[in-house]
Amino acid sequence: MKAKIFTLSFLSLTLSAAALAQTKTTTSEDSLNNNLSKSATTIGGYGNAFYQRNNVAGTSRLDLERFVLFTGHKFNDQISFFSELEVEDAKVTGGESGGEVSIEQAYLKFNLNANQYFVAGLFIPRIGILNENHLPNTFNGNERNYVETFIIPATWRELGVGFYGNLNNLPLSYSAGLMNGLNSNGFVHGTGLEDGRAEGRNATGNNLAITAALQLNINSFRAQISGYYGGTVGVSKRKADSLGLTSGIFGTPVAIGEGDIMYSNGGFSTRALATIVSIPDAANINRAFANNTPQTEYGAYLELAYDLLYPGHSLHAKQFIVFVRDENFDMNAQIPSNGVIDGTLKQNHIVAGFTYLPIKNVAIKADVRFIHTGPQNPELIVNPNPVALPYQVNNNLVDLGIGFSF
């Protein structure tokens, strides 16, 4: 298993990776961030909606997956404010299930000089590709890739401070962050770290996390390595002891390592990423919370794309991008002795389709996702056949949708 993980990492770091030209989108947030905004207060946003057909289940759904409203303000050349209010799944008030309304970002940016700045508040750390490049017109496919949804839970935001900089004479940029840690009591079997995030909501300050990233940028080539290390137990030492867990700043830790590459040349573009998650005290977490936490998770993907309407060099040039992406991940690659293996969490996805951009900020998308998983563990079957249909290890989803940013 370790050999397979390292092979995936090596392949992702030696193959080329995704559409830099596609991510250079002009939005209100870009203008404020680059100090180009013509007004003190800036409003923008993004969103996407899609139709999805599940061919195995024989069901279809339509969803306004998200709408995000961006509001920013430039106090002066040194200090700016950035915020995003997100509505997922067209959330309806009045006790309806599903969806959510949340603050995706709310932070102050302090420019120190032409090469360095820091942020403070609810911000998105630099880890992976999707976290900082998640506008729906900057990635292919109606759904975000599953590796950076379940293994790296993007978009991942927490409360803290972050420092960013560039080197004068080298094409290198760097970042470091300090933020609240995760909550291992919130880990849920089948969703990875996602439900352990605080996202600015009553986060504990007893356990913290650090992140760091290093980027190499040469023309249309970008390579990055990033990492995360943080504690997952924010309760008092007395309560942690009663649960058999280690408390403190980095108590009962989670470690994440990630490497990615993006490259474009002419109409061709490609992106690749590999990541691994380590939870060394998973057995103690399972003993305390019975949530079947794994010791190791991993994921990797490779995407190839080509713009059939190339050449086009202006922001208003049309693009018709055809693509294929191979995603592999295992959310219980290694489990502790008190865990239960779930074969359905080891998955391979092949996604293929097109993205048509009549302008850079508007996308019309169509794709098909072929899914293959491992077998279901009989110990985890709650409603056996014939109450529920037998689990299918192969499935396919057809998606049609739109995306926009401004």
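Tabulated data
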| item | result |
| --- | --- |
| Backbone HN-Hα couplings from phi across the stretch 317-330 [Karplus 6.51/-1.76/1.60, Hz, Gly and Pro as x] | 6, 6, 9, 10, 9, 9, 8, 9, 9, 10, 10, 10, 7, 9 |
| Ratio Rg/Rh, restricted to the stretch 195-284 and using Cα atoms, in which Rh is the Kirkwood radius | 1.16 |
| Beta bridges by DSSP in the chain, antiparallel share as percent, to the nearest 5 | 100 percent |
| Cα centre as origin, Lys/Arg/Asp/Glu Cβ charges: the chain dipole, Debye | 460 debye |
| Where N is the number of residues in the stretch 26-179, Cα Rg divided by 2.2 N^0.38 Å | 1.18 |
| Kirkwood-based Rg to Rh ratio, the stretch 301-386, C-alpha trace | 1.23 |
| Close Lys-Lys pairs in the chain, where close means Cα under 12 Å and separation is 8 or more or interchain | 4 |
| Charge dipole of the stretch 40-405 about the Cα centre (unit charges at C-beta), most positive-ward option of Phe250, Val382, Thr71 | Thr71 |
| Rg followed by Dmax, in Å, when the chain is reduced to its Cα trace | 21.3, 67 |
| Residue-normalised accessible area of the stretch 40-405, expressed per residue, 1.4 Å probe, Å² | 44 Å² |
| Carbon plus sulfur fraction of accessible area for the stretch 40-405, probe 1.4 Å, in percent | 59 percent |
| Inter-label distance, nm, simple model (7 Å from Cα along the C-beta direction), Gln376/Leu64 | 3.5 nm |
| Other-chain or far-sequence residues with amide H under 5 Å of Phe268's (modelled H) | Asp307 |
| Three semi-axes of the equivalent ellipsoid, the stretch 210-364, Cα gyration tensor, whole Å, largest first | 41, 18, 13 |
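The values are calculated or read from the model by the stated rules, or taken from the named source; none is laboratory data. Note that the coordinates shown come from a computational prediction; the quantities given were computed from them, not determined experimentally. Glycine gets a Cβ as well: all are built from the backbone with ideal geometry, and neighbour counts include every protein chain shown. Ligands, DNA and RNA are stripped out before the accessible areas are found, and what is left, the full protein with its side chains, is counted by its heavy atoms. Shrake-Rupley method; radii C 1.70, N 1.55, O 1.52, S 1.80 Å.
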